[in-house]
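*Asks:* Structure below; questions to follow.
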Amino acid sequence: MRLNKHISESGFCSRREADRLISEGRVTVNGVRARVGSEVGEDDEVKIDGQALRVRTVAKGKRKHVYIMLNKPVGITCTTESAVDGNIIDFIGHEQRIFPVGRLDKDSEGLILLTSNGDIVNEILRAENKLEKEYLVAVNHDVTPEFLRAMAKGVPIHGQTTLPCKTSKLGRFGFRIVLVQGLNRQVRLMAAYFKFRVKTLVRVRIGNVKLGRLKIGQWRNLTDEELQGLIPHRTEW
């Protein structure tokens with residue numbers, strides 16, 4: 001098994017983070033500094049910063065990892081860095097080591113997923129999966145049909161044009177937008193291109209997982225149906 005996958009399946013971090021730790025020389029296999037792309041076997045001893053990596057065991061029929069959804073408040077930062085005030089990990093205070101799937105910027109609120117399974121992060125975020133993400137947005141100008149059509153066609157940000165998306169009006173100053181991308185601050189930058197400033201932004205859905213009546217600041221475990229809807233082909237959780 002690839003070393004980064006082995007680390008992510010332990011719940012220590014995502015594959016991407018594992019590769020970073022490996023490249024920084026913080027991971028050893030049987031006492032030898034590991035390299036990105038290394039393979040490991042069942043009997044190999046993996047250490048991170050000198051501490052042995054603990055591999056989780058699980059009873060048959062039980063989940064090996066944690067999967068939760070949070071209604072993130074404004075002001076909470078989606079980072080695992082404990083030095084950052086208001087980081088999402090300290091905010092939740094979960095007993096297991098978890099990390100966010102993707103991000104939701106500090107000034108936005110709503111649905112975000114977190115897990116202890118570093119393997120599933122890549123599966124959910126993979127661009128070709130085209131997992132829909134739905135937002136309710138309030139802006140500082142009248143929302144016009146022309147604005148909505150232009151947003152839906154695609155907007156140049158980050159040196160590329162966003163993929164076509166779905167938009168609909170929600171009152172004089174509000175609209176709904178459904179994306180299949182997850183570019184950094186995408187909705188805000190798209191609106192800013194047309195001189196609109198986002199006042200509030202709430203994510204209410206990721207794929208089949210809906211925010212529903214979950215109150216701001218609260219979290220709950222995902223159901224089996226929600227997990228299966230997110231990644232239909234997966235059988236081990």
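*Asks:* Calculate one ³J(HN,Hα) per residue across the range 188-203 by plugging θ = phi - 60° into the Karplus curve 6.51 cos²θ - 1.76 cosθ + 1.60, and present them in order as whole Hz with x for glycine and proline.
*Replies:* Result, ordered by residue: 4, 6, 4, 5, 4, 4, 9, 6, 9, 10, 6, 8, 9, 9, 10, 8 Hz.
*Asks:* Just to be sure I understand the model, the point goes 7 Å from the Cα along the line to the Cβ. What's the resulting ARG54 to ARG33 distance in nm?
*Replies:* With each label point 7 Å from Cα toward Cβ, the separation is 2.8 nm.
*Asks:* Using the scaling law 2.2 N^0.38 Å as the reference, what is the normalised Cα Rg of the range 93-159? All intermediate terms of the calculation are to be shown ahead of the outcome.
*Replies:* Working: Rg = 16.1 Å, N = 67, 2.2 N^0.38 = 10.9 Å.
Here the answer is 1.48, to two decimals.
*Asks:* Can I ask one more? So which lysines can LYS47 reach, going by Cα to Cα under 22 Å and dropping same-chain residues fewer than 8 places off?
*Replies:* Candidates past the 8-residue exclusion: LYS5, LYS64.
*Asks:* Still on this structure, please answer the following. For the range 141-224, evaluate the Debye formula with one uniform point scatterer on each Cα (no solvent term) and list log10 I(q)/I(0) at q = 0.22, 0.27 Å⁻¹, rounded to two decimals.
*Replies:* Those come out to -1.12, -1.47, one per q.
*Asks:* log10 I(q)/I(0), Debye, Cα-only the range 67-189, no solvent, q = 0.20 Å⁻¹?
*Replies:* -1.18
*Asks:* Mean 1/r over all different Cα pairs, inverted: what Kirkwood radius does the range 1-141 give, in Å?
*Replies:* For the range 1-141, the Kirkwood estimate is 16.7 Å.
*Asks:* When we measure straight from the Cα of LYS106, which aspartates and glutamates land under 17 angstrom away, once same-chain ones fewer than 8 places off are left out?
*Replies:* GLU81, ASP85, ASP90
*Asks:* Given R₀ = 25 Å, FRET efficiency for ASP90-ARG213 by Cβ-Cβ distance, to 0.05? Don't jump to the answer; show the numbers that get you there.
*Replies:* Numbers: r = 25 Å, r/R0 = 1.01.
Result of the calculation: an efficiency of 0.50.
*Asks:* Given (1) 63, 37, 36; (2) 54, 51, 42; (3) 56, 38, 34, which label gives Cα extents along the principal axes in Å as computed from the coordinates?
*Replies:* Step by step, Cα extents along the principal axes in Å for this structure corresponds to label (1).
*Asks:* Separate question: Using Cα pairs closer than 8 Å and at least 6 residues apart in sequence, work out the relative contact order for the chain, in percent. Write out the running numbers ahead of the final one.
*Replies:* On the way: 438 pairs, mean separation 47.8, N = 237.
Relative contact order here is 20 percent.
*Asks:* Counting pairs of alpha carbon atoms under 8 Å apart in space and at least six apart in sequence, what relative contact order in percent does the range 1-116 give? Before the final figure, lay out the partial values.
*Replies:* On the way: 187 pairs, mean separation 26.5, N = 116.
23 percent.
*Asks:* Then there's this: Straight-line reach only, C-alpha to C-alpha below 13 angstrom: list the aspartates and glutamates that LYS166 could link to, leaving out same-chain residues fewer than 8 apart.
*Replies:* Here the aspartates and glutamates satisfying the reach criterion relative to LYS166 are GLU132, GLU134.
*Asks:* Give me the one-decimal nm value for the distance between modelled label points at VAL180 and ASP142, 7 Å along each residue's Cα-to-Cβ direction.
*Replies:* 3.4 nm
A short reminder: the numbers here are calculations on the coordinates, not readings from a lab. Only a predicted model underlies this, so the values are computations on that prediction, with no experimental measurement involved. Here the Cβ is made from the backbone with ideal geometry for all residues, glycine too, and neighbour counts use every protein chain on show.
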